[in-house]
Amino acid sequence: MKVHYKINGEEKEFDIQPGELLLDVLRRNNYTEIKGNCYLGTCGACAVLINEVAKATCTTLAAQVNNAEIITIKGIGTISEPHLLQKAFVEKGAVQCGFCTPGTIISAYALLKNNPDPTEEEIKRSIDGNLCRCTGYVQQIEAIKFAIKLLKGGK
Amino acid sequence: MNGFEYIGKNIGKIDAMALATGQPLFTDDISFPNTLHIKILYSPHAHAIIEDIDTSEAEKIPRVKLILTYKNTPQVLHTTAGQGWPEPSPYDTCMFNKKVRYVGDRVAAVAAETEEIAYEALKHIKVNYKKLPAVFDPEEAMKEGAPVIHDEEGISGVYNPKRNIVSHIEVKAGDIEKGFEESDVVVEDTFEMQYAQHCPIEPHATITYLDEYGRLVIRTSTQVPFHVRRIVAQVLEIPVQNIRVIKPRIGGGFGVKQEIILEEISAFVTLKTSRPARLVYTREEEFVSSRTRHPMKVTVKIGAKKNGIFNAIKMYALSNNGAYGTHGLTVTSNTGSKTLPLYNKAPNIEFIADVAYTNLPVAGAYRGYGATQGYAALEQVVDEIAEKLGMGPAEIRKINHIKVGETSPIFKALGEGREGVTQYIQSEATDKLLELGTKEIGWYEKIRKPAKEATKVRGIGMALLMQGSGIPLIDMGAATIKLNEDGSFNVLYGGTDIGTGLDTVVAQIVSETLGVKPEQIIVYAADTDVTPFDKGAYASSGTFISGGAVYNAALKVREQILEVTKEIFGEFNTKDFILKDGFVISEKSGKKVSLSEIAYQTLYLKKQQQIMATSSFVSDSSPPPFAAHFIEIEVDKETGIITPIKYVAAVDCGVAINPELAKGQIIGSIVNGIGYALTEEYKFSQTGKLINSNFMEYRIPSSRDIPDIKTILVETYEPKGPYGAKSVAEININGPIPAIGNALYNALGIRIHKLPYTPEKVLEALKNKGA
C-alpha cells in the first residue's frame, strides 16, 4: 500500500507493508536522523513531531498516520542553520554520544511550542520519555533553559 | 585561570552540532546496496550440548543466503574481550560453540535479503539439545561435583576449569592476622552487587563490506577498533592486512563495546558472500547476549587503632563471570587494586578473589571496572568502623587516605593480569575535596539524628573514591599531526571517542601546543587504515594516554616549525619563539610568520618537506583521580521508597582540559550509579532466563529521577598527564552505592547488604530492625 506524508515541509509518498512501523519506513527512506530501536516506545530516541505532537515512531504504524505532517530533527534545524535549541545543547555540554539528542530536542521543541515559559518540573517532564545514558540529564535541562532565554531575547 | 589559551576552556564538543542536527554519523545510519541482514539464533537452555543442528529447511526458504553454525565456521578458541595482546582473559569460546552455556548463548546465524526473512529462517533451524544440569550461583559453581561449564579441549588462561574458577587472585602485604590482633577495633561486613547492563542507547551495530579492491571493511560500534582488527583476523584466520576497521560516531559504550561479539559474524558473512552484511542488536539482545557488569559479593574487614588509623584491611571478592571468562581476572583485580591503595596507612593488607563461571549471561567491562563493586563494600565498612570509634566519616577518611609522595604496596602487587607497577602519588587534594563537599551538602548541619516519628526521614552519606588513568606500561596510544596550507592541522589518532568528547579534548591539546584555534584542528580518529594504533577507549585512558600521544606528536611538530622558522627569521635561538594565533613570533626581534606561510614555503618552495610527526605515549604510572561524594536522601518509611534529594561530587581530575565535558562525565556516571544503586537489576527465571530485558521492566533513570547534582572540580596538576590532566570518566560511578548506603544508615539505622536498595528491601530491613 501507499502512504503519504508531509515531512519537513516536503510532500512524500512511500510504498509500505500494512504492518510496518513508521520508524522502519522513515529510516529506510533515508530519514536516518531518527534513531532508536527499542520498539516499545520506551527510549524516545525515535521521536518526531506527528501533527505537532512528539511521538515515538517505533510504536506508530506507518499506515495509521497516513497524510500526517511529520517533522524530524532536520525540520527543526540543520547543521548550516541550527535552531537555538540545538545551539544551546552544543554550548551547554548536553550532547555526549548524541544518539538520544534528536529525540530529546524534538520533545523539548514540542514543549516550547505550547509552553514558552515552562517550569523546571515541566522541562523534566517533557523529556522524561527520552532516555539518555551519557549526560545524566542535568546539562540537557540547563540547555533547554538556556534556549528559552535565547528565544525570549530574540523576540 | 591557568594561563592557558585553550586548556581549561569550555570549547563546544566539535561533533556536537552534527549530532544535534541528526547527521548520519552512526554505524547503522549508512546503508549499502545489496546488503544481507543477519539475525542470530540463541539457546533456550542454560547448559546443553548441541547434539545436532539441521539447517536444511531454513536454507530452502527463498532469499536466505547463508546460515552459520559451529559446523561451517572456524573453530578458533579466543576471547571476545577487546584487550591488549596477549589478553589477560581466557581463550574459552569459538565463534559458535558446540555447547551452549546460558540462555541467550549463540547457536546459529542467518544472513538473508531482509531482516524478516532472517527471522523466519531462524524458526526453521532444528537443534537437538542434550540438556545438562546448570549452575547459577558462583559459590555452588566452585563446589566439587558442580556441573563443569568449560570442559572443552584446548581452552587456556582458566585458573581451574574443573571447578569453574576463571581466576583466583591472592595479594598480601604485612601480616593480616597479626594486624587484626593488634587493632583496637575490627569491623567486617559483606555486600552483594547484582547483574546490570550498560544500556547504551545505541545498541551494538556492525556493517561489513568489501572495498573496491576486495579488502574487508568493518564499520562498527566499538570502543576498540584496533583490537577488533586483531581479534577478527585471529578468529577468521585471515591476515590483519586484509581488514580495515572504521569507527564512526558511537552511541555510548560504557565498556560493553569493548567486546568483539558481532564483527566476526558479519565479517564472515561478507567474506563468504562478497556482499555487504549488517548485524544490529535489538534491545533484548543487548540485555541478554552482549555483556553485563560482574555481579560480586565483597567482604571487607578493617582493623583500626584507637586513634582511627587503619592497621589492617582484608577484602574478599567473589565475582560471577557468567558463561565466559571475559575481563574476569582484570575486573576483579581492579576491585582490590583501585580501592585498597586509597587507605595506604594500613601496613597489613590482603586481597583475595575468586572469579567463577556460571550458566548466566556473560559479564565484561563496565565503567568503574570492578572498583564500583569494591567501593560499594569498602566505603560502607569505613563508615561502620568510624561509628565504632566515635569518629566522623570525613575525619576517619582524612587521616587514612593516601597523600602526595606516598605509595601503596598494592600498586606493585596487583596489576592487570600481571604484576603491577610501583607508583607514588604526584597529585591529590583529597582533604580539600572532603572539606568543600561537606560544606556544599551541609554535612555538619544535617548529620544530627533525624526525627524518628516522621513518615519521611532524611539522611546523608558520603564516600571517598579513586580510580586510575590508563594501565601503566601496557596501554599505548599514538598520533600523527600534519600541517596544511592554511595553517590548519590534521590530527590522525587511534583514540576512540565514544561520546565522551575525547576528539574535542585532543583538539584543545593541539591548539594549546601549536597556538591555533580549535576550529583549525581537523580530528580524524580510529580508522585502522589511516590512523596510528591506540588501545581504544577503556581503563580511563582517553585524555591521559590518547591525549598524551597527541601532546607528544604536537611537541614534535612544534619543533619542526621552529626549526624552519629559524631560517626565515635569521635567528637561531628557538627559545625566543612563541606560537600564537596561527603565527610564530620572535619575542626578541618581533618578527612574525604565519603557519600558513610556513606551510606554503615547506610544501612548495624551500626546505621542502611535509611538516608532520607521529608520536606514541605509554605511561609508567596510572595517576589516580580522586573524588568525594555526598548525598542527601529522603526515605518514606511507609513505602520504602528512597528519593535522592541532593548529590555533591567534589572531584580532582588534575587539570580539566574542558570543564564542561568533565562535568558531563561526572554527572553521567553519578546518574548511572544511582540507577545501579536503586533500580537496575537483572531478574532471572528458575531456568536462568532473563525476564526483564527491556526498558519497561529494567528501569534506568529518566530526567525525573535525578536529584539536584552539584559538581565541584578541584584542580591539581598531574605531571605525567597532558597539561596536568588525569582521568574522569569512570571514577564517579563508584560513589552512589556506598553514599546511599551510608545515608540509609544515617536516616534509619539500617544497612542493606544486597543491592539494589529497592523499597521492598528497605521495608524488610525496617521490619527486621523492629522499628
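If you scan the stretch A:55-65, which residues turn out to be within 14 Å of chain B (Cβ to nearest Cβ) and surrounded by fewer than 19 Cβ atoms within 10 Å (Cβ to Cβ)?
A:Thr59
Can you pull out every residue in the stretch B:707-734 that is farther than 13 Å from B:Gly668 by Cβ, part of a loop (DSSP other than H, G, I, E, B) and not basic (Lys, Arg)?
Passing the criteria: B:Pro707, B:Val714, B:Glu715, B:Thr716, B:Tyr717, B:Glu718, B:Pro719, B:Gly721, B:Ser727.
Out of all the residues in the stretch B:681-699, is one or more of a type in the set (Val, Ile, Thr) and buried (at least 20 other Cβ atoms within 10 Å of the Cβ)?
No, the stretch B:681-699 has no match at all.
Return the total of residues in the stretch A:80-94 being touching a residue at least 24 places away in the same chain (Cβ under 8 Å), at the interface with chain B (Cβ under 7 Å from one of its Cβ atoms) and not acidic (Asp, Glu).
The qualifying residues number 2.
Identify the residue in the stretch B:700-722 that is within 9 Å of another protein chain (Cβ to nearest Cβ) and of a type in the set (A, V, I, L, M) and, among all such residues, is surrounded by the most Cβ atoms within 10 Å (Cβ to Cβ).
The qualifying residue surrounded by the most Cβ atoms within 10 Å (Cβ to Cβ) is B:Ile700.
Looking at the stretch B:34-72, which of its residues are farther than 18 Å from B:Ala118 by Cα, part of a loop (DSSP other than H, G, I, E, B) and among the charged types (D, E, K, R)?
B:Lys71
For the stretch A:66-76, give me the residue count where each residue is more than 11 Å from the chain's Cα centre (by Cα) and either within 12 Å of another protein chain (Cβ to nearest Cβ) or buried (at least 19 other Cβ atoms within 10 Å of the Cβ) (or both).
Summing the residues that are more than 11 Å from the chain's Cα centre (by Cα) and either within 12 Å of another protein chain (Cβ to nearest Cβ) or buried (at least 19 other Cβ atoms within 10 Å of the Cβ) (or both) in the stretch A:66-76 gives 1.
For residues in the stretch B:1-39 being among the β-branched types (Val, Ile, Thr) and touching a Lys or Arg at 6+ places or on another chain (Cβ under 8 Å), which is nearest to the other protein chains (Cβ to nearest Cβ)?
Ranking the qualifying residues of the stretch B:1-39, first place goes to B:Thr21.
Across the stretch A:95-113, which residue is farthest from B:Phe254 (Cα to Cα) among those that are touching a strand residue (DSSP E or B) at 6+ places or on another chain (Cβ under 9 Å) and touching a residue at least 60 places away in the same chain (Cβ under 8 Å)?
The residue in question is A:Lys113.
So for the stretch B:616-626 (the condition being modelled with pLDDT of 95 or more, closer than 17 Å to B:Asp708 by Cα and either among the acidic types (Asp, Glu) or assigned to a strand (DSSP E or B) (or both)), does at least one residue qualify?
no
Please enumerate the residues belonging to the stretch B:196-218 that are crowded, with 24+ Cβ neighbours inside 10 Å and closer than 19 Å to B:Ile265 by Cβ.
Of everything in the stretch B:196-218, those that are crowded, with 24+ Cβ neighbours inside 10 Å and closer than 19 Å to B:Ile265 by Cβ turn out to be B:Glu202, B:Pro203, B:His204, B:Ala205, B:Thr206, B:Ile207, B:Thr208, B:Ile218.
Out of B:Leu436, B:Leu378, I need the residue that is surrounded by 24 or more Cβ atoms within 10 Å (Cβ to Cβ), in a helix (DSSP H, G or I) and aliphatic (A, V, I, L, M). Which one?
Result of the check over B:Leu436, B:Leu378: B:Leu378.
Within the stretch B:94-137, how many residues turn out to be surrounded by fewer than 19 Cβ atoms within 10 Å (Cβ to Cβ) and among the polar types (S, T, N, Q)?
Of the residues in the stretch B:94-137, 2 are surrounded by fewer than 19 Cβ atoms within 10 Å (Cβ to Cβ) and among the polar types (S, T, N, Q).
Please tell me if B:Ala656 is within 14 Å of another protein chain (Cβ to nearest Cβ), farther than 24 Å from B:Arg293 by Cβ, assigned to a loop (DSSP other than H, G, I, E, B) and of a type outside the set (Lys, Arg). Outline the logic, then answer.
Details: within 14 Å of another protein chain (Cβ to nearest Cβ): yes; farther than 24 Å from B:Arg293 by Cβ: yes; assigned to a loop (DSSP other than H, G, I, E, B): yes; of a type outside the set (Lys, Arg): yes.
When the stated conditions are applied, B:Ala656 passes them.
Are there any pairs, at least 6 apart or on different chains, whose C-beta atoms fall under 8 Å, with the first in the stretch B:395-407 and in the same structural domain as B:Ile309 (by TED's automatic domain parsing) and surrounded by 14 or more Cβ atoms within 10 Å (Cβ to Cβ) and the second acidic (Asp, Glu) and at pLDDT 95 or above, and if so, which?
B:Lys398/B:Asp431; B:Ile402/B:Glu428
Against the condition in contact with a strand residue (DSSP E or B) (Cβ under 6 Å, 6 or more places away or on another chain), buried (at least 24 other Cβ atoms within 10 Å of the Cβ) and not hydrophobic (A, V, I, L, M, F, W, C), how does B:Thr339 come out, does it pass?
So B:Thr339 fails the test.
Considering each of B:Val240, B:Val288 in turn, give the residue that is more than 28 Å from A:Asp24 (Cα to Cα), hydrophobic (A, V, I, L, M, F, W, C) and surrounded by fewer than 24 Cβ atoms within 10 Å (Cβ to Cβ).
B:Val240
When you look at B:Glu87, is it acidic (Asp, Glu), within 28 Å of B:Tyr195 (Cβ to Cβ) and more than 14 Å from chain A (Cβ to nearest Cβ), yes or no? Break it down stepwise before answering.
Values: acidic (Asp, Glu): yes; within 28 Å of B:Tyr195 (Cβ to Cβ): yes; more than 14 Å from chain A (Cβ to nearest Cβ): yes.
For B:Glu87, the condition - acidic (Asp, Glu), within 28 Å of B:Tyr195 (Cβ to Cβ) and more than 14 Å from chain A (Cβ to nearest Cβ) - is met.
Which pairs turn up if I take residues in the stretch B:639-662 that are over 20 Å from B:Gly461 (Cα atoms) and touching a residue at least 60 places away in the same chain (Cβ under 8 Å) and look for partners that are acidic (Asp, Glu) and crowded, with 24+ Cβ neighbours inside 10 Å with beta carbon separation below 9 Å, at least 6 apart in sequence or on another chain?
Close Cβ pairs (under 9 Å, with a partner that is acidic (Asp, Glu) and crowded, with 24+ Cβ neighbours inside 10 Å) amount to B:Cys653/B:Glu718; B:Gly654/B:Glu718; B:Val655/B:Glu718.
The values are calculated or read from the model by the stated rules, or taken from the named source; none is laboratory data. Since the model is a prediction, treat every value here as computed from it, not as a measurement. When we count neighbours, we look across all protein chains shown, and the Cβ atoms used for this are built from the backbone with ideal geometry, even at glycine.
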